[in-house]
Amino acid sequence: MTRWEPNARGRLELAALELYSERGYDQTTVAEIAKRAGLTERTFFRHFADKREVLFYGAGMLQDWLVAGIEDAPAGLPPIDAVGGSLEAVARSLEERRDLARQRLAIVTATPELQERELIKLANLSAALAEALRRRGVPDPGASLAAEAGVAVFRVAFQRWAGQAAGPGDLGGQTLAQLIRDSLAELKSIAAGK
């Protein structure tokens, strides 16, 4: 009989991030991750399909939150503002995971296979946001453009947030929500020709 292990998923995630940072993604095995977490390989595979999914398992939840944010946006709000508001709301829930986000970003950036998986995640996110906008009555190409622009804003803001120093640093210690707001304002300014 297998005994229950408290916070197995979290322990596996932390162990994987540590090992990927120390040894590199390609050089790390599932067995090593499980051992570092004090768990078995079988437990690993109950939580993750493979070692790559440790870095991407929250993508579905992120997508659900962003779609819900668009669905809950006030009627009549411009599409890009509905997307921006949803991004900001989700950003607040990511703030406590900044150190993990920083580690994850470095690992993904250093590994072509993971970069490809990240692009797939972002494409799926854009498609889901566009569909949520269409359900609000936004026709194409507007829905697709607003969704793609929103994903670009999120990606740029996230990279700035996760990449900034732990202290105030050159970005003044801005939150992810602030960086999303600033990036969206910059995009609107560029689009307006300012």
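The values are calculated or read from the model by the stated rules, or taken from the named source; none is laboratory data. What you see is a predicted model, and the numbers here were worked out from it, not measured in a lab. Ideal geometry is used to build each Cβ from the backbone, glycine not excepted, and the neighbour counts take in all protein chains shown.
Could you please find all residues in the stretch 110-144 being out of contact with any helix residue (DSSP H, G or I) (no Cβ under 7 Å at 6 or more places or on another chain) and among the hydroxyl-bearing types (S, T, Y)?
T111
What's the total number of residues in the stretch 44-58 that are within 15 Å of L94 (Cα to Cα), hydrophobic (A, V, I, L, M, F, W, C) and not in a helix (DSSP H, G or I)?
1
Within the stretch 59-85, which residues are surrounded by 14 or more Cβ atoms within 10 Å (Cβ to Cβ) and in a loop (DSSP other than H, G, I, E, B)?
A73, L77
For the stretch 86-96, name all the residues that are at pLDDT below 90 and either exposed (fewer than 15 other Cβ atoms within 10 Å of the Cβ) or of a type in the set (D, E) (or both).
R92, S93, E95, E96
Being closer than 16 Å to V108 by Cβ and of a type in the set (A, V, I, L, M, F, W, C) is the filter here; which residues of the stretch 1-47 pass it?
Listed by number, the residues that qualify are A16, L17, L19.
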